[in-house]
Every structure is written in C-alpha cells, then in structure tokens.
Amino acid sequence: MTTLPSIILRTAVRWISPLLLLFSLFLLLRGHHEPGGGFSGGLIASTAFALFTFGHGLETARRILRVSPPTLVVAGITLALVSGSLAFLAHKTFLTGLWIAIPLVGDTRVELGTPLLFDVGVYLTVIGATLTMLFEFAKE
Amino acid sequence: MELLVTLPLLIPLALSLALFAARRHRRASRIIAIAGATILLTVAAALLVVTHDGIQVVAIGEWPAPYGIVLVADLFSAAILLVCALVSWATIVYATGWMDAERERTGFYPLVFALLLGVNGAFLTGDLFNLYVWFEVMLMASFVLLVLGTEKGQVEGGIKYVSLNLLASTFFLSATGILYGIAGTLNFAHLSSVLAYVDPQILNIVAVLLGIAFGIKAAVFPLFFWLPASYHTPPVPVSALFAGLLTKVGVYALIRVFTLLFVHDPGWTHTLLLFCAALTMLTGVLGALAQHDVRRILSFHIVSQIGYMIFGLALYTPLGLASSVFYLIHHIVVKTNLFLLSGLVERTFGTGSLDRLGGLFRTHAWLGVLFLVPAFSLAGVPPLSGFLAKLLVIRAGLAAQAYLATAVAVLVGLFTLLSMLKIWNEAFWKARPDHSMILHDTGRFPARLVVPIVVLASVTILLGIAGEPLLALSSRAAAQLLDPAAYQAAVLGTVTVQAINGGV
Amino acid sequence: MELLFALMVGTLYGCSLYLLLRRSIVKLAVGLILLGNGANLLIFSAGGLIRGRPPLVPEGATTVPAPYADPLPQALILTAIVISFGVLVFAVALIYRTYRALSTDDLDDLTTTDRLGEVTEAAHRPLVPIATITQSADDGR
C-alpha cells in the first residue's frame, strides 16, 4: 500500500514534480563550476518520481518514467564510461577532461566537455539506483 | 602502457554492462562472458610482462599524485591480478555449464564481472580511500551473488556475511579518517613517506584498526567466523569464485599496508600478526576436522591456509614475503579448483555430506585422480605447487627463528593431509552407503565442467615441477615490497615530498 | 567544537556497539547505520573543523583565501554515505527476506549454516518463491 489517500498530495504532486525535474536539470548544468552537479540533480529528480509514487501509486510512477530504473543505471554508467574513454581518442589518460568551445553570438561561447557527459551519466545512474530501491520497497 | 594498466578495470565494467543488457539471452551471455574472461586473462598476462620493466603508474585524468587518483601496478599486484584472472576464467567457463536458467537470467554474469571490477580495482589502486571504494564494489557484488536464488541457507549465510563485512568496512573507514587526520594524505606512496614523521603510538592504533578491517575480510583468527558460515551456501561456481578471490583481496591489502605503511614498529605490529597467523592456521584446520560436508571442510581450510600467507608477512623478511606471494598464488589456483571439484561430487550425489557419499572412485576414477592433484597440493605433497609453497614458508620461518609458529605450520600441514584423506576415503574410496542415491551415473560431465578443472590442475602440477620462474617472480615481488622508496619514486616521481608533521 | 564532535562520535560508536551486541536483527541493522554515521563524523572532524569558509574560489579571484575548510573529507564522506546507503538498502531487503523465510528476528535462531550434521539439505531447500532483488528489479517496466 503505497498510495496515500490525500487529495492535497495528489494535486500538489502534479504541480511540484515538473518543477522539481526542471530544478534538477538546472542543478545538473550548474554543477560544473558551482555547487550542484549530477548527484544532487539526480536525487532531486528521483524525489519527483518518489512523490508520484506516494501520490498516485507505483504503476503510475512507472508509466511516467517509461524506462525501467535498472536500464537507467546501465545507461548512466555506460555514458560515464564512454565519457572517460573519449580521452583515449585524444591519446590521453582515462577520464581526462576534453573541452570544445562552441561560439555563439558575439563573445559568448558555450564550453562543452566530457566532464558534463560524465555528470549526465551520474545523473541517470542516481535516478536509476534510487528508483530501483524505491520501487522495490514500494511493492511490499 | 597506460592503457594496459587501466584495461583490467575497463574490461570488467564494460562486460558487466553488456552482459546486463544481454541477460535475457542465455547463449549470448555465455559467449560474451567466456570471451570477456579470456580477454581479461590476456590483458593481465600482458600487464605482468610490462611490469617486469618496473612499477607502472597511471594518474587518472592526468591529475598528478598525490592529489589525483593513481593506479599502480607492481610485480606483486600484477602477479595476483593474473592468477585471479585465470581462476575467474575457469570459474566462468564452469558456470556456463552449471548455472540454472533463473540465476543466469537474474544477472549472474554481470555480477561476476562487477565483482572482478572490484577485485582488480583493489589490486591496482594506489590510494587508501580508493581501496575502500573498490572493496565496497566487490562486497556489493558479492552480497547479491551470495543470496542470488533464494535458498534458506543462502539468506542466513547472507545475513552473517553482510553484517560482519559491513562492520569491517566501518573499521576501514574509521582508520582512513584517523589516518587522514594525522597524515593529511591518503595516497599510499605519499603516506609511506609521511608516516615516518608521525607519532608511532597513534600509528599503532591505526595499524590495528586497519588490521581488524582487513583481518575480517581475509578471515584471520579471531575474525573468521563469517566465512565457514556462508561460503558453502551459494551455488558452487559462486563459492569457488569467493574462495579464490575474496579473502585473498583482504590478504593482499594486509600485505600492502604492512609492507608500505606500517613498518615503523615491526617488533610490535608484525609480532601481533605472527600470533594471529599461527592461531589462524590451527583453528582453521581443527574446524575442518570436525566437519562432515565437503564444501564446509574446504571453507575451513581457506581459513587455515590464510594463516600461512599472513605468517610470511609477519616474518617481514625477503624470504618470508616471497613465501607469502608464492603461497597466495598457489592457493588461489588450488582452492578454486577444489571447490569446482566439490561441485562435481555434489552434482553426482545431490549432496556434499560425507555420510551420503562413497564409491566415487569405482564409478568416476578420473574424478578421483583429478581430486588428488589439488588435494595433495593443498596438503603440501611433492611434487605439487603446495609443496614448494609450504617449503618456502617453513624455511622462512626457520631462518627468522620463529620456531614455534613454524612447528604449527608443519603440524597444520599434516592435519590438512588428514582432512583431505578424509574426503578421499569417504567420498571416493569407501563403499557406497545404502541410503545414497546417484543422480548422475554415466560418468560423463559436460566439457565445460571438466576443462576448467583440468586446466587448473595442470597449472598446479606445472607450478610444482617447474616452480623456478614463479619462485624468481615471488622473490622479485618481495624485494619490491620491501623497498617503499622505489614505490614512492615511481608514484610521486619528481614531486617534492613534503613532510607534514602532526595534523593538517 | 572539536570536543563536541569527539563526544558525538564516541556516543554514536557506543550506541551502535550496544545495538550490535543485541540479538535482534533489526537492532543489528540500526547499529550498523549508527556506526556508519559515527565513522563519517569521525572523518569529518579528523579533517579539521573550519566554520563558514567553503573551499570555493570567489568571483574574480584565482585562489581560495587562506583559512578554508578542507574539501577532501567532505568528498570522502559523500562517497561513504552513498556506498553505505546502497549497502544498507540491500541489508534491509535481506533482513526482510530473512524474516519472511524464518519468521524470526532472533540472531540466535540463525544456526542452519553453522550446525554440524544433516543440515545441508535444509540449507539448500528453496524458500517460498519470494522474488529476489535483482529479479524483481529486472521486470520493472
């Protein structure tokens, strides 16, 4: 029995969850130079799904997530592994950061690098791992 | 070169992911697993060859030591890595012929490679905290492997294994914290150069804390109780893998820290280890004599054999350490093989209980012969690898004038022979008891179950007859272990080592 | 401040030791959790306590001004928390399954794997098919 019979929670979750997901993305992207990152972002994102589980039940949360949590874990670790291995292409050591700068209008540029990819991997892994545990316990 | 040091980590990780993705396809999983294990074995062999030229160091992400994370491969770690890759290859091949469909589908192969990732990481890391992380990776994988399949004994064994290993991890973590507080670094090379300036009294405390942590993982007396309670519960390939690898990682860690870090007061720390070693040998073998189940007897023998490895370390002489390295390598091969063989016995009779076994030599003569190779090797009968290993340990003990402990070692060798003969007499020689039933009477097993055993048995014989290269390797590895300055120079290179006195 | 932390760590270790020595499996788990927290606090205080100075480079500067908190213990603790969290979730699942299988919370009743004699069959008897952790994790769509 995981669904709480609370109309307030059910309504609030519909509004809060998207905001939490947006906030988690913000944290993820902010993470490289300032506090934040894939780990905290992932935790926030999994909170969104956790709230859904409590408010609307396990099946709804699973349907909204679309992929199974273990798949997310595997995808995340694969992404991290790939981001680390990209350094081999540049004849550098495993996990060495590689950066490319994409110029935008005027002086502003966007710097993209393998650490960001790694962070996305962490993000997915954390969501996957947390939700695997949560869904497992929610079944009982 | 750098790639070669990283590959033993990348290959198991990639394989684990691939096998998880392919877990529903049994055939594909098996092919990937065997191919992956073969590649890992090749890479480990190449790494050992490269390490002959000197200690290999890789700074991950090109952050220099002591600030970044380093992977270090010296002769000792490369040799253990190779032999672990060999037994895991054998176990994986064996498992493809053993595991039931349910366990294969629920992620047996990905977990095995996750375990190998942790094991290889522990061998290669050059940093105390990373060692902790790799230990946890290994433990996580082993927890799940241990209880995969839901048998009653597995759950019980799981509780004992999990709680005691968690306790060990906390000890490890506490020791790491205190060490960071007093030394301000966790890099092995940096620590070993800094610890000379630290108060030896505090160091003794940290040494004992780490000794307890690794002692639980290595199943040293008086911390071994979880091992015989849990190792016989999972399926045979899992038992074999655990027997070959897990406790040996604990021994590796003990050898690493007690040759590189805590050498300030060998009269105290290493004497303590000597006591533990002698008692470990004795209690392990006495426990084995009381048992009536093949895999339980073998589990207790793991404990007793760990004593020999710690004995060599406790002597802290070149010969002693060489004997430890030799013993470690010999033991990993032999013990895994014995567990794999016990699986064939259990499969024939549907039980491993000695009361219900008998007459195996009449129906499966070749199995008896195959059993005698690792069994006699374990007991130290020439010309097998165990003879050389025991001879080295005893010679080292006599040379270091540790007569009492050496006498224990000799005595334990006799008891080991006794308990191997017990298995032989009960399972192979005596007439089959009336109430036993043979499940598998044709005398033929699939090749995937037999080939790994034959390969490991031939390695045992080879190491016994032509032990010279391994002996030379062990001596060189021991010399390297006794020379922390070389390790420091290899890892820290030109970085000036600043002595940090007291706290941060 | 250091004294307070030291006392806190000591209390946590003491409480957890007490719980670990109890016979109840649940108390064993709680003891392990407390012990993990104690170890984390120990690392934190062993690294030195500096208040209100995060190790962040301010806007426009290139280095962090002199007294700043050591970031490494925090990184270590974060890693340790994540690991112990994962392990403990597993342990709790295992305890739950043990309870379902043996209907007991008493550690002294867990003797199947230690007794001598004819217990091997008992140890290898399959339980009532409760889905294993990975198994059920797999079929989660």
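The values are calculated or read from the model by the stated rules, or taken from the named source; none is laboratory data. As the structure is a computational prediction, the values presented were derived from the model and not from experiment. All Cβ positions, even for glycine, are placed from backbone atoms using ideal geometry, and neighbour counts span all protein chains on display.
Hey, among A:ALA75, A:ALA61, A:ALA101, which residue is modelled with pLDDT of 85 or more and either more than 10 Å from chain B (Cβ to nearest Cβ) or part of a loop (DSSP other than H, G, I, E, B) (or both)? Before the answer, list the steps.
Details: A:ALA75 fails: either more than 10 Å from chain B (Cβ to nearest Cβ) or part of a loop (DSSP other than H, G, I, E, B) (or both); A:ALA101 fails: modelled with pLDDT of 85 or more.
Checking each option against the conditions leaves just A:ALA61.
If C:MET1 satisfies all but one of (1) surrounded by 15 or more Cβ atoms within 10 Å (Cβ to Cβ); (2) aliphatic (A, V, I, L, M); (3) touching a residue at least 40 places away in the same chain (Cβ under 8 Å), what's the number of the condition it fails?
With respect to (1) surrounded by 15 or more Cβ atoms within 10 Å (Cβ to Cβ); (2) aliphatic (A, V, I, L, M); (3) touching a residue at least 40 places away in the same chain (Cβ under 8 Å), C:MET1 is out only on (1).
If a residue must be among the small types (Gly, Ala, Ser) and within 11 Å of chain B (Cβ to nearest Cβ), how many such residues does region C:24-65 contain? If you could, list the steps in order and put the result at the bottom.
Within region C:24-65, the first condition is being among the small types (Gly, Ala, Ser), and the residues that meet it are C:24, C:29, C:31, C:36, C:38-39, C:45-48, C:52, C:60-61.
In the following step, the residues that additionally are within 11 Å of chain B (Cβ to nearest Cβ) were identified as C:29, C:31, C:36, C:38-39, C:45-48.
Qualifying residue count for the region: 9.
Give me the residue from region B:128-138 that is touching a Gly at 6+ places or on another chain (Cβ under 9 Å) and within 7 Å of chain C (Cβ to nearest Cβ) and, out of that set, nearest to C:SER84 (Cα to Cα).
That would be B:GLU136.
Please find, among B:VAL249, B:VAL198, B:VAL194, the residue that is of a type outside the set (Gly, Ala, Ser) and surrounded by 24 or more Cβ atoms within 10 Å (Cβ to Cβ). If you could, list the steps in order and put the result at the bottom.
On the way: B:VAL198 fails: surrounded by 24 or more Cβ atoms within 10 Å (Cβ to Cβ); B:VAL194 fails: surrounded by 24 or more Cβ atoms within 10 Å (Cβ to Cβ).
Exactly one of B:VAL249, B:VAL198, B:VAL194 is of a type outside the set (Gly, Ala, Ser) and surrounded by 24 or more Cβ atoms within 10 Å (Cβ to Cβ), namely B:VAL249.
Consider C:SER16 against the criteria (1) touching a strand residue (DSSP E or B) at 6+ places or on another chain (Cβ under 9 Å); (2) within 11 Å of another protein chain (Cβ to nearest Cβ); (3) not aromatic (Phe, Trp, Tyr): it satisfies all of them except one. Which criterion is unmet?
Status for C:SER16: all satisfied but (1).
Six or more apart or on different chains, Cβ under 7 Å: which pairs go from a residue in region A:57-84 that's under 30 Å from A:ILE7 (Cβ atoms) to one that's of a type in the set (Gly, Ala, Ser) and in a helix (DSSP H, G or I)? Could you list them?
As it stands, the answer is A:LEU58/A:ALA138; A:PRO69/A:GLY128, since those pairs meet every condition given.
Please tell me if B:ASN165 is more than 7 Å from chain C (Cβ to nearest Cβ), within 20 Å of C:LEU32 (Cβ to Cβ) and among the polar types (S, T, N, Q).
Details: more than 7 Å from chain C (Cβ to nearest Cβ): yes; within 20 Å of C:LEU32 (Cβ to Cβ): yes; among the polar types (S, T, N, Q): yes.
Spelling it out, B:ASN165 is indeed more than 7 Å from chain C (Cβ to nearest Cβ), within 20 Å of C:LEU32 (Cβ to Cβ) and among the polar types (S, T, N, Q).
With the checklist (1) out of contact with any Ser or Thr (no Cβ under 9 Å at 6 or more places or on another chain); (2) at pLDDT 85 or above; (3) farther than 13 Å from A:GLY128 by Cβ in hand, flag the one item A:ARG66 doesn't pass.
Failing condition for A:ARG66: (3).
Using the structure shown, decide if B:LEU298 is more than 15 Å from B:ALA229 (Cα to Cα) and in contact (Cβ under 8 Å) with a residue 24 or more places away in the chain. So that I can check it myself, show each step before the final result.
Numbers: more than 15 Å from B:ALA229 (Cα to Cα): no; in contact (Cβ under 8 Å) with a residue 24 or more places away in the chain: yes.
Criteria not met by B:LEU298.
In region A:104-121, which residues are modelled with pLDDT of 85 or more and touching a Phe, Trp or Tyr at 6+ places or on another chain (Cβ under 6 Å)?
none
Determine if region C:70-92 includes at least one residue that is at pLDDT below 80 and not in a helix (DSSP H, G or I). Walk me through it before giving the result.
At the first step, the residues of region C:70-92 found to be at pLDDT below 80 are none.
Among the residues of region C:70-92, not one is at pLDDT below 80 and not in a helix (DSSP H, G or I), which makes the answer no.
Report, by residue number, each residue of region B:22-54 that is out of contact with any Leu (no Cβ under 8 Å at 6 or more places or on another chain), of a type outside the set (D, E, K, R) and either touching a residue at least 12 places away in the same chain (Cβ under 8 Å) or under 19 Å from B:ALA95 (Cα atoms) (or both). Can you show your working first?
Going through region B:22-54, the residues out of contact with any Leu (no Cβ under 8 Å at 6 or more places or on another chain) turn out to be B:22-28, B:30-31, B:34-35, B:37-39, B:42, B:49, B:53-54.
Retained after the next criterion (residues that are of a type outside the set (D, E, K, R)): B:22, B:25, B:28, B:31, B:34-35, B:37-39, B:42, B:49, B:54.
Answer for region B:22-54, where residues must be out of contact with any Leu (no Cβ under 8 Å at 6 or more places or on another chain), of a type outside the set (D, E, K, R) and either touching a residue at least 12 places away in the same chain (Cβ under 8 Å) or under 19 Å from B:ALA95 (Cα atoms) (or both): B:ALA22, B:HIS25, B:ALA28, B:ILE31, B:ILE34, B:ALA35, B:ALA37, B:THR38, B:ILE39, B:GLY54.
If B:ILE178 passes every condition in (1) among the aliphatic types (A, V, I, L, M); (2) at the interface with another protein chain (Cβ under 7 Å from one of its Cβ atoms); (3) over 20 Å from B:GLY215 (Cβ atoms) but one, which one does it miss?
Only one criterion is unmet by B:ILE178, namely (3).
Would you mind listing the helices (runs of 4 or more DSSP H) fully within region B:307-402 where at least 3 residues are under 28 Å from B:ILE216 (Cβ atoms) and under 20 Å from the mean Cα position of the chain (by Cα)? I'd like the intermediate steps shown before the answer.
Details: elements: B:318-349, B:360-363, B:365-379, B:385-399.
By residue number, B:318-349, B:365-379, B:385-399.
Which ones in region B:193-212 are small (Gly, Ala, Ser) and more than 18 Å from B:TRP268 (Cα to Cα)?
Here is the first cut: in region B:193-212, the residues small (Gly, Ala, Ser) are B:193, B:196, B:207, B:211.
Within region B:193-212, B:SER193 is the sole residue that qualifies.
From the list B:GLY97, B:GLY149, B:GLY177, B:GLY158, which one is at pLDDT 90 or above and among the small types (Gly, Ala, Ser)?
Working: B:GLY97 fails: at pLDDT 90 or above; B:GLY149 fails: at pLDDT 90 or above; B:GLY158 fails: at pLDDT 90 or above.
It is B:GLY177.
Do we have B:GLY68 as within 14 Å of chain A (Cβ to nearest Cβ) and not in a helix (DSSP H, G or I) here? Don't jump to the end; show me each part of the working.
Details: within 14 Å of chain A (Cβ to nearest Cβ): yes; not in a helix (DSSP H, G or I): yes.
In short, yes.
Would you tally the residues in region C:71-100 being closer than 30 Å to C:ILE50 by Cβ and more than 10 Å from chain B (Cβ to nearest Cβ)?
5
Residue by residue, here is whether (1) buried (at least 24 other Cβ atoms within 10 Å of the Cβ); (2) assigned to a helix (DSSP H, G or I); (3) at the interface with chain C (Cβ under 9 Å from one of its Cβ atoms) holds:
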position	(1), (2), (3)
B:GLN154	yes, yes, yes
B:GLY157	yes, yes, yes
B:ALA189	yes, yes, no
B:ILE205	no, yes, no
B:PHE214	yes, yes, no
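For C:TYR68, all conditions in the list (1) in contact with a Pro (Cβ under 6 Å, 6 or more places away or on another chain); (2) surrounded by fewer than 18 Cβ atoms within 10 Å (Cβ to Cβ); (3) within 7 Å of another protein chain (Cβ to nearest Cβ) hold save one; what is the number of the exception?
(3)
Based on what the data block shows, is B:ALA45 assigned to a helix (DSSP H, G or I), under 24 Å from the mean Cα position of the chain (by Cα), of a type in the set (A, V, I, L, M) and surrounded by 17 or more Cβ atoms within 10 Å (Cβ to Cβ)? Write out each step before concluding.
Numbers: assigned to a helix (DSSP H, G or I): yes; under 24 Å from the mean Cα position of the chain (by Cα): yes; of a type in the set (A, V, I, L, M): yes; surrounded by 17 or more Cβ atoms within 10 Å (Cβ to Cβ): no.
So B:ALA45 does not fit the description; no.
Answer with yes or no whether A:THR11 is part of a helix (DSSP H, G or I), of a type in the set (Ser, Thr, Tyr) and over 17 Å from the mean Cα position of the chain (by Cα). Give the steps one after another, and end with the answer.
On the way: part of a helix (DSSP H, G or I): yes; of a type in the set (Ser, Thr, Tyr): yes; over 17 Å from the mean Cα position of the chain (by Cα): yes.
So A:THR11 fits the description; yes.
Taking the condition farther than 30 Å from B:ALA65 by Cβ and aliphatic (A, V, I, L, M), does A:LEU124 pass? Lay out the reasoning, then the answer.
Details: farther than 30 Å from B:ALA65 by Cβ: yes; aliphatic (A, V, I, L, M): yes.
Considered against the rule, which asks whether it is farther than 30 Å from B:ALA65 by Cβ and aliphatic (A, V, I, L, M), A:LEU124 comes out as yes.
I'd like to verify a number: residues in region A:88-98 that are in a helix (DSSP H, G or I) and either facing chain B (nearest Cβ under 8 Å) or surrounded by 22 or more Cβ atoms within 10 Å (Cβ to Cβ) (or both), how many?
Filtering region A:88-98 for residues in a helix (DSSP H, G or I) gives A:88-89.
Retained after the next criterion (residues that are either facing chain B (nearest Cβ under 8 Å) or surrounded by 22 or more Cβ atoms within 10 Å (Cβ to Cβ) (or both)): A:88.
Number of matching residues: 1.
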